[in-house]
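No value in this document is a laboratory result; all are computed from the given coordinates. Note that the coordinates shown come from a computational prediction; the quantities given were computed from them, not determined experimentally. Cβ placement follows ideal geometry from the backbone for every residue including glycine, while neighbour counts extend to all protein chains displayed.
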Amino acid sequence: MSSPALDPAMVEWSGRHFAMLNEGGVWAIPRSGMIFGKRGGRLELVAAMPWMPEMEGTITPGQLREQQASEFETVRAHFGAAGIEVVRPEPDEEGDET
């Protein structure tokens, strides 16, 4: 997956947004159903909405995974450029990610 183009305004926003979060605070991205938390001075993906049958006809499971992966990379790139590490948990034994 290629790195997203960096928008300087978004890099600045990312740094300010992270500074505003309290340790343990969370930030959600509704369009992709992802929740990040400020943990130990870094931004950690703590939850990602799974595909549900009610989404049928709107988005496929594969499209949702692709959207979430793309969103994660964009967040990682912009926050990373602001000096903030962005991480996600390792997949569990069944290969599922958060």
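Can you give the extra length, in nm with one decimal, that the chain gains between Thr58 and Arg31 once fully stretched, where that is 0.36 nm per residue apart less the Cα-Cα distance?
Details: separation 27, 0.36 × 27 = 9.72 nm, distance 1.27 nm.
Answer, rounded to one decimal: 8.5 nm.
Output ³J(HN,Hα) for segment 69-78: one whole-Hz value per residue in order, computed from phi by the Karplus curve 6.51 cos²θ - 1.76 cosθ + 1.60 with θ = phi - 60°, and x for Gly and Pro.
Whole-Hz 3J(HN,Hα) from phi for segment 69-78: 5, 5, 4, 4, 5, 5, 4, 4, 5, 6.
Counting other Cβ atoms within 10 Å of each Cβ, which chymotrypsin sites (Phe, Trp or Tyr not before Pro) in segment 16-63 have at most 14 and sit in a DSSP loop?
none
Once phi is turned into θ = phi - 60°, what whole-Hz ³J(HN,Hα) does the Karplus curve with 6.51, -1.76 and 1.60 give for every residue of segment 49-65, x standing for Gly and Pro?
Here the 3J(HN,Hα) series is 4, x, 5, 10, x, 5, 7, 3, x, 9, 8, 8, x, x, 5, 5, 4 Hz.
Using amide H atoms built in the peptide plane, which far-off residues or other-chain residues are under 5 Å from Met34 H to H?
Ile29, Met49
Compute the longest continuous run of the chain that contains no exposed GluC sites (Glu not before Pro); treat a site as exposed when its DSSP state is not H, G, I, E or B and it has at most 12 other Cβ atoms within 10 Å.
It runs 24-55.
Sort Ser32, Ser70, Ser14 so that the residue with the fewest other Cβ atoms within 10 Å of its own Cβ comes first and the one with the most comes last.
Sorted ascending by nearby Cβ count, the order is Ser70, Ser32, Ser14.
Provide the per-residue ³J(HN,Hα) series for segment 33-48, in order, calculated from phi with Karplus coefficients 6.51, -1.76, 1.60 and θ = phi - 60°, each as a whole number of Hz, with x at glycine and proline positions.
Along segment 33-48, the couplings run x, 10, 10, 10, x, 8, 9, x, x, 9, 9, 10, 5, 10, 7, 9 Hz.
Antiparallel as a % of all DSSP beta bridges within the chain, to the nearest 5?
Details: 10 of 12 bridges.
Counting only bridges with both partners in the chain, antiparallel ones make up about 85 percent.
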